[in-house]
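Structure record follows, encoded as structure tokens.
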Amino acid sequence: MEKMEIRTINLQELRINNMKQEENEVRIIEGHAAVFDKWSEELGFVVPFREKVSKGAFKESIEKDDIRALFNHDVNFVLGRNKSGTLFLEEDEKGLRV
């Protein structure tokens, strides 16, 4: 029997807010997608590991790359892109703010 790998995200750092935009109701995800200098929960399938993100880890990617927020890592379900202005990303003192 194969062992199932389970990944989670700490939703304590993110909020989903409803907003009215023109005549449409939209949902905005706000908060921190990653927090600096804090150990993750246990990750990995065959070999368990934990990771810690350092300040500055996202700086170059935010400046240069076309970053996409995807639903379930599916390229067919794009929630936003930083280059189109539908995804806001910045590093602050706490971590990666979205």
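The mean of 1/r over all pairs of different alpha-carbon atoms in the chain, once inverted, gives a Kirkwood hydrodynamic radius of 15.5 Å.
Tell me the net charge near M19. Cut-off is 11 Å between Cβ atoms, M19 excluded, with +1 for each Lys or Arg and -1 for each Asp or Glu.
Numbers: positive: K20, R27; negative: E22, E25, E30.
Spelling it out: positives minus negatives among the neighbours equals -1.
Rounded to the nearest 20 debye, the dipole size of region 11-97 about its Cα centre is 80 debye, using +1 on the Cβ of Lys and Arg and -1 on the Cβ of Asp and Glu. Partner lysines whose Cα lies under 25 Å from the Cα of K94, excluding those fewer than 8 positions away in the same chain, are identified as K38, K52, K55, K59, K64, K83.
Which shape class, rounded, prolate or oblate, goes with region 37-81 when its Cα gyration tensor gives a ≥ b ≥ c as root eigenvalues, a/c under 1.5 marks rounded, and past that a/b bigger than b/c marks prolate? Cα axes put region 37-81 in the oblate bin.
Please report the relative contact order for the chain, taking Cα pairs under 8 Å with a sequence separation of at least 6, and give it as a percent rounded to a whole number. Walk me through the intermediate numbers first.
Details: 133 pairs, mean separation 23.1, N = 98.
That works out to 24 percent.
Sparsely packed loop sites in region 30-96 (the GluC sites (Glu not before Pro) outside DSSP H, G, I, E and B with at most 14 other Cβ atoms within 10 Å) comprise E41, E42, E51, E93.
For L43, the residues 5 or more places off, or on other chains, whose built amide H falls under 5 Å of its own are F49, R50. Summarising the label geometry, the points placed 7 Å from Cα in the beta-carbon direction at M19 and R81 lie 2.0 nm from one another. Here's how it looks for G95: its modeled amide H is under 5 Å from those of F36, which are all 5 or more places away or on a different chain.
Bear in mind that the values in this text are calculations on the coordinates, not laboratory data. Source: prediction; values computed, not measured. Every residue, glycine among them, receives a Cβ derived from its backbone with ideal geometry; neighbour counts consider all protein chains shown.
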